[in-house]
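Okay, so here's the structure we're looking at.
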Amino acid sequence: MSAGPIDLDCNATTRPLSEVVQAMTHAMRDLHHNPSSLHKPGQSARAELERARAIVAELIHARPDEIVFTASATESIVSALASAVRQYARSGQACAVVTSKLEHAAVIESLQEIAKDTSIEIRYLDHNTQGSIDVQSLESCFASCEHEHLPVAIATVHAANNETGVVQPVREIAEICAKHNVLFHTDATQLIGKLPCDVQELGVDMLSFSAHKFHGPRGAGAMYVRKGMKLIPFLPGAQESGRRGGTENVPACIGASVACDHAKTWLADSTKRTERVQLREHLEQQLKAEIAGIVIHGGDLPDERRLWNTVNAAIPGAPAEQMLVMLSEQNICASAGAACSSGSIEPSRVISALGLSEDVLNSSIRFSFDRFTTKTEIDRAVPIITSCAARLRSFN
Ligand code: PLP
């Protein structure tokens, strides 16, 4: 029997835990009533939905009533950003939104879409070539907005990068935003479930994430909205306390809560994370030893500023698209950009924004693993990666 694929594309999505599948199967069969109905089965579905909300809240140290269930991180992000901008747009006021060029398409494209109907100016923060946001540029950005009498509706910066795995200084950014009375949202889609997250300690106003990135189901997103904050719903309706219309997807919310509960237990044992960091180091050391001139994006940053699961490596002379095809033929899943844009020949927008040479840009590949990836799988993948790179370098 041939071995299955080695999945090194886990930042795109992860396999749902069997406990998640079981809980969702049960919910689909036995909890199909509408949680807004007043009858008993409806109220049972409501009770389970609220239990799920409390578990999701616990993972990020929020209150249950601060969690709004959505269908994806993308929906959470667009809801948070649109709400902030509409508070100004409704009175015909122009405003700025502060972000970075390293955000996921869910942020960048949401803002571009919002900008079509409103008077917003998008201001970008600086970053270095490792992909780390320059916190001081936030102060200068706020100062220039103030000088121009342009109110800042919201600042949005991701917590961890989907392509480089770089963890951003969210707490420092939140502190500066609070000092200037500016709302702060973070896209924590790649951080949640991989590293501990405490919304109180971080000081964020809003936070978005998605369960399928940490072994939950797809179609289950969540948005943290700090207590007392006004949210203009993106989808109107009475559900989710008037913050997100549409009948709640109870099985998906329950599936998300099971994934959150497992993540909480996993995160409580820091030796498990240390062991994952060691696996990433092992992968990097092997690649560096075998492939001359390899460049690891964000590789110079300390461990606390990197996700344990992501290695984005440029192999100059081995074009990424050709590498991906060859790796796929050898049963290895990897990626050369965000999952949503893979298949396109465009190099990754995030890696492009790092300002590196064409050769580095066009040869960057993302390897991302999960909580269950084994050293044996990494040891099987490395010789395949190195031989594909050597073959491509000999042609080019
Ligand atoms: N933000 C980041 C950083 C992501 O990595 C992704 C998905 O890749 C998203 C947002 C969008 O998540 P979803 O597909 O669940 O909407």
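The values are calculated or read from the model by the stated rules, or taken from the named source; none is laboratory data. What you see is a predicted model, and the numbers here were worked out from it, not measured in a lab. Positions of Cβ are generated from backbone atoms using ideal geometry, with glycine treated the same way; all protein chains shown enter the neighbour counts.
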Inside segment 92-104, the number of residues satisfying the requirement of being over 18 Å from ASN181 (Cα atoms) and modelled with pLDDT under 95 is 1
Would you mind stating whether ALA268 is within 16 Å of the ligand (Cβ to nearest atom), among the aliphatic types (A, V, I, L, M) and closer than 23 Å to ILE55 by Cβ? no
What are the residues in segment 346-371 that are in a loop (DSSP other than H, G, I, E, B), crowded, with 18+ Cβ neighbours inside 10 Å and within 22 Å of the chain's Cα centre (by Cα), if any? PRO347, SER348, LEU354, PHE369, ASP370, ARG371
Log entry, pairs with first residue in segment 63-81 being in contact (Cβ under 8 Å) with a residue 40 or more places away in the chain and of a type in the set (Val, Ile, Thr), second being part of a helix (DSSP H, G or I) and within 15 Å of the ligand (Cβ to nearest atom), beta carbons closer than 7 Å, six or more apart or on different chains, reads ILE67/VAL56; THR70/SER76; THR70/SER79; THR74/ALA106; ILE77/ALA106; ILE77/VAL107; ILE77/SER110; VAL78/SER110
Take the residues in segment 64-81 that are over 19 Å from PRO251 (Cβ atoms) and of a type in the set (D, E, K, R); name whichever of them is farthest from the ligand (Cβ to nearest atom). ASP65
Failed condition for ALA89, given (1) more than 16 Å from the chain's Cα centre (by Cα); (2) over 16 Å from PHE209 (Cβ atoms); (3) of a type in the set (A, V, I, L, M, F, W, C); (4) modelled with pLDDT of 95 or more: (4)
Condition check: surrounded by 15 or more Cβ atoms within 10 Å (Cβ to Cβ), modelled with pLDDT under 95 and not in a loop (DSSP other than H, G, I, E, B). Does GLN322 satisfy that? yes
All but one of (1) more than 16 Å from the ligand (Cβ to nearest atom); (2) out of contact with any helix residue (DSSP H, G or I) (no Cβ under 6 Å at 6 or more places or on another chain); (3) of a type in the set (Ser, Thr, Tyr) hold for THR118; which doesn't? (2)
Matching residues in segment 40-93 - criterion: being touching a Pro at 6+ places or on another chain (Cβ under 8 Å) and assigned to a loop (DSSP other than H, G, I, E, B): GLN93
